[in-house]
Each structure stands twice: as structure tokens, then as C-alpha cells.
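Working notes, structure below.
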2 protein chains.
Amino acid sequence: MTDAHATPGQPTPQPSHVFMDFLCPYAWRGVELAAALRAEGEAFTLRHFSLVQGNHADNAGQAQTAWWLTDQPAHEGSEYQQGGLAAFLAAQAAARQGEEAVWAFSLALFRARHEHGQPLTTDTIQAAAVQAALDPERFAADLSDDAGLRAALRADLHEAADIGVFGTPTFVLPTGEAAYYRFENLTRDPAQARAWWNLYVTVLRDGAGVATIKRARNRPARRA
Amino acid sequence: MTDAHATPGQPTPQPSHVFMDFLCPYAWRGVELAAALRAEGEAFTLRHFSLVQGNHADNAGQAQTAWWLTDQPAHEGSEYQQGGLAAFLAAQAAARQGEEAVWAFSLALFRARHEHGQPLTTDTIQAAAVQAALDPERFAADLSDDAGLRAALRADLHEAADIGVFGTPTFVLPTGEAAYYRFENLTRDPAQARAWWNLYVTVLRDGAGVATIKRARNRPARRA
């Protein structure tokens, strides 16, 4: 169903992008799905979209973003705002240690938050860095480059705004299709992940031109 | 993919329900899809959901519906409100002439509105009744039973509220799953309709527990 599956001896395919926010349990499920597919050779790139920014009253109904998460001081605003910003900046720092490093760090942080109920604090972030086997001295040095990390985060937030991302996870296919994909269940099984991903890609490319499939409010999807 | 397909010699399957509003071009596409499948023996029942009521400011954030379309005088409110109410009441009258009559009338009225750009006025409604070959005297008599038609409409609006319908078309499967299904393209081809319907049913029954697939704002689905 998707042509983005890697084949040995073939050139590396263009990645799909997954826009996520560490605050969001559905983004966690989406990133686990992508991680299971990455283990099978499908390419995904982690990108950042801020729900606090997307839902901010100052941005409601505005054509251009007025309130940017990246303009906020580290220790102002709600717990969500502060934790979300700290997590994004830490992930930007982890990314300087390479693709595998940022995946390991992001998964560790998502699991700490949504599987183990930890808050997005400095302690949780440091524990995720240890779990991901980041180089601790380099991680500390990169974290201190606040302006550089914010600039990298801002680029993601800009691109998300250009695409019209409104929730997480939103996947962007190499061929340009992009949609929010919210599902209730968690999988780390590659075959199941492949089936769930193929279903999503099939919907986006179907001749019906599907714009939205969304459950009625009082008939939610079943959680396994 | 669906077990609701009729087989000769088998008992009639339970119908899926399609909640629609004559104001909505996506409801039109959904009703055309259902009509194409009905011709192949799949059972669908037409139901009414009011977008004007669903989006009314008096109902925003309310657990219980405060503003009902069925409480409004025929000649008050916006053009949408008046036309939507008149269309619903006419369809309730057409339904008294049977299942085939209400399908023929509803399709004729949807096409007049969304294919031919006619407003939802008395003239358009009468023309649709002629096109659907309704018994004109009976239609006139039934239309005059305003209280009875409003009571029947109110029952649909109540059930839609219970299900948590928020947009049209929303399909409710015989097994209880219910979701808004918005797609850009129109089909009257039974094989294509079958494929688009199977995709929707597959998404609703998939093990992922899909809650939402919705395009990013600036990456809309392609219209064929």
C-alpha cells in the first residue's frame, strides 16, 4: 500500500515526518508506531508541533501565529507550557547526537511521561537521556545553547503552521499528504504497526478523497 | 469487509443509518454513496441531523440541547435555518409514502440544491416531489400536519444528540460504530461506492481503534 518501504540494495526512501508533542498520549502512540516501522526499514523523521501554541487563545482565528512557544521564558506559563518547552528543547539537543539518539531519547521521554506517569521535569529529561545512552557531557553542552535549540524548534513550529497541523500525531507522507491520525491502542509489533500504517496511507490516497473520518462523540473507538 | 451486504434468500440485514442535512454538500455525497449501495442490496435508513442546531451558539458547550430546530417558527431565522427546516419537514412528509419515496425525494432535493444550485424553497421542494413521483395530494395533506412532522424530526434530532453526531454525513453501522465521513468526490458507481464504503467500515473496525483521521488544514484531500 505504501511505496516508502526500504528494500536492501535500494536507495534510502524519503522519510515520512511525524509531528508530535511530548504532552500528548496520542503522539506517544504515533511515535511508537513509527518506531516499530523504523525497525523494519521504513523511514520517519521526528518533528515538533506545540499543542499549547496551537490551542493558545492569542492564536485563535489568526491567519498568522501571534503567540510562539519559542518566545516564552523557560519558567513562565502553565506546567504544560513549561514541561512541553523543556522537552522539545531537550529533544533538539539530543538530535545533535544523531538520528538514533533523538529516537531513543524521544521514546524514553514519551514512555516516562505516558507509560510511567512522570512529569516533564529536568529530572525526567535527564533520566531519559541516560536511558537513551546520550553522551552526558555533550548533552549538557548542547542544552546550554538555548538560542540555537529554540531556533531549531521554531523551524519545526513554522513548518507545522505552514502545513496546517492542528493536533498530534500528524504524519506527512513523502508525497505530501498530511493528516492527524488518532488511534486508541498501542503497538510495538512490526506486523501490526505495518497494518495500521497501511490503513492510514490507504485512506489518504483513496480515490474518495477522504477529508475526515471522526467518531461521533458518544460512540468512541474501542480500546483493546 | 462488511457483513451487512444482502444475499438472495437471506433475511434482510439491519440497515446502517445515515444522518444528513440537506444544507450540506458532503451529506449529499454520502447519501449518493448510500443510494448506490442500496441499488446493490445494502440497507441504509435516512436520518436527520441539523447543522444549524448543532452549531447554534445557545448549544455550545451544553451537555443538553437548549436550542432545537423543531421549536422554531417556519419563517424565522436565517435562510439556512428556514430552508433546512422546510427540507426536513418535507422529507418527513415524503417518508409517509414509503422508503422508496423518501429516498427518491431526498436524492432529488439534494441534487437540486448541490448539483443545480437551487435554494431550499417551497418551489424547489415541490419540484423534487414531482421528480420523485410522490402522490401530490397525499404529500400536500401530510405537509399540513406540521406538528406530526416536527415530532418525527425531533425524534431524529434527539437520537443524533444521544449518539453525539456533530457533522454530516455521519453513518451509524448496525453494530453501533458511528463516525462522520467526509470525502470530496461523488460517485454513483456501485463498485466504487462499495470500495469507499468498505474502506470506511474497515477503519471503524480496525484493531488500532481509530478515533480520527483528519487532513491538515493546508493539505486538503484532492478532488477528482
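In table form, for the structure just shown:
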{"read-out": "The range B:175-184 - residue that is within 18 Å of residue B:209 (Cα to Cα) and not small (Gly, Ala, Ser) and, of those, farthest from the other protein chains (Cβ to nearest Cβ)", "value": "B:175"}
{"read-out": "So residue B:100, is it out of contact with any strand residue (DSSP E or B) (no Cβ under 9 Å at 6 or more places or on another chain), in contact (Cβ under 8 Å) with a residue 40 or more places away in the chain and surrounded by fewer than 19 Cβ atoms within 10 Å (Cβ to Cβ)", "value": "no"}
{"read-out": "Residue count for the range A:194-224, restricted to those that are of a type in the set (Phe, Trp, Tyr) and within 7 Å of chain B (Cβ to nearest Cβ)", "value": "2"}
{"read-out": "Flag if residue B:148 is within 14 Å of chain A (Cβ to nearest Cβ) and not hydrophobic (A, V, I, L, M, F, W, C)", "value": "no"}
{"read-out": "Residue match in the range B:185-193 (condition: touching a strand residue (DSSP E or B) at 6+ places or on another chain (Cβ under 7 Å), crowded, with 17+ Cβ neighbours inside 10 Å and facing chain A (nearest Cβ under 7 Å))", "value": "no"}
{"read-out": "Top-ranked residue in the range A:12-26 [being over 16 Å from residue A:175 (Cα atoms) and part of a loop (DSSP other than H, G, I, E, B); ranked as farthest from the other protein chains (Cβ to nearest Cβ)]", "value": "A:22"}
{"read-out": "Residue under evaluation residue A:209, criteria (1) surrounded by fewer than 20 Cβ atoms within 10 Å (Cβ to Cβ); (2) touching a strand residue (DSSP E or B) at 6+ places or on another chain (Cβ under 7 Å); (3) at positive phi, criterion not met", "value": "(1)"}
{"read-out": "Leading residue by the ranking (farthest from residue B:181 (Cα to Cα)) among those in the range A:212-224 that are hydrophobic (A, V, I, L, M, F, W, C) and surrounded by 20 or more Cβ atoms within 10 Å (Cβ to Cβ)", "value": "A:221"}
{"read-out": "Of residues in the range A:28-39 being closer than 17 Å to residue A:201 by Cα and more than 13 Å from every other protein chain (Cβ to nearest Cβ), the one nearest to the chain's Cα centre (by Cα)", "value": "A:31"}
{"read-out": "Close pairs (7 angstrom Cβ cut-off, 6 or more residues apart or separate chains): in contact (Cβ under 8 Å) with a residue 40 or more places away in the chain and within 15 Å of residue B:21 (Cβ to Cβ) in the range B:105-119, among the charged types (D, E, K, R) and buried (at least 21 other Cβ atoms within 10 Å of the Cβ) anywhere", "value": "none"}
{"read-out": "Counted residues, the range A:105-140 - those being under 14 Å from residue A:94 (Cβ atoms), exposed (fewer than 14 other Cβ atoms within 10 Å of the Cβ) and of a type in the set (Gly, Ala, Ser)", "value": "2"}
{"read-out": "Flag if residue A:224 is modelled with pLDDT of 95 or more and of a type in the set (Gly, Ala, Ser)", "value": "no"}
{"read-out": "Candidate set from the range A:56-107 (those that are β-branched (Val, Ile, Thr) and touching a Leu at 6+ places or on another chain (Cβ under 7 Å)); member that is nearest to residue A:145 (Cα to Cα)", "value": "A:70"}
{"read-out": "Which listed residue is modelled with pLDDT of 95 or more, outside any loop (DSSP other than H, G, I, E, B), basic (Lys, Arg) and within 18 Å of residue A:161 (Cα to Cα), from A:47, A:29", "value": "A:47"}
{"read-out": "Test for residue A:171: is it closer than 23 Å to residue A:34 by Cα, of a type in the set (Phe, Trp, Tyr), surrounded by 14 or more Cβ atoms within 10 Å (Cβ to Cβ) and within 14 Å of chain B (Cβ to nearest Cβ)", "value": "yes"}
{"read-out": "Which listed residue is at pLDDT below 95 and closer than 25 Å to residue B:165 by Cα, from B:87, B:95, B:63", "value": "B:63"}
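The values are calculated or read from the model by the stated rules, or taken from the named source; none is laboratory data. Here the structure is a predicted model, which is why all the values come from computation and not from measurement. Counting neighbours? That spans all protein chains shown, and the Cβs are built from the backbone with ideal geometry, glycine included.
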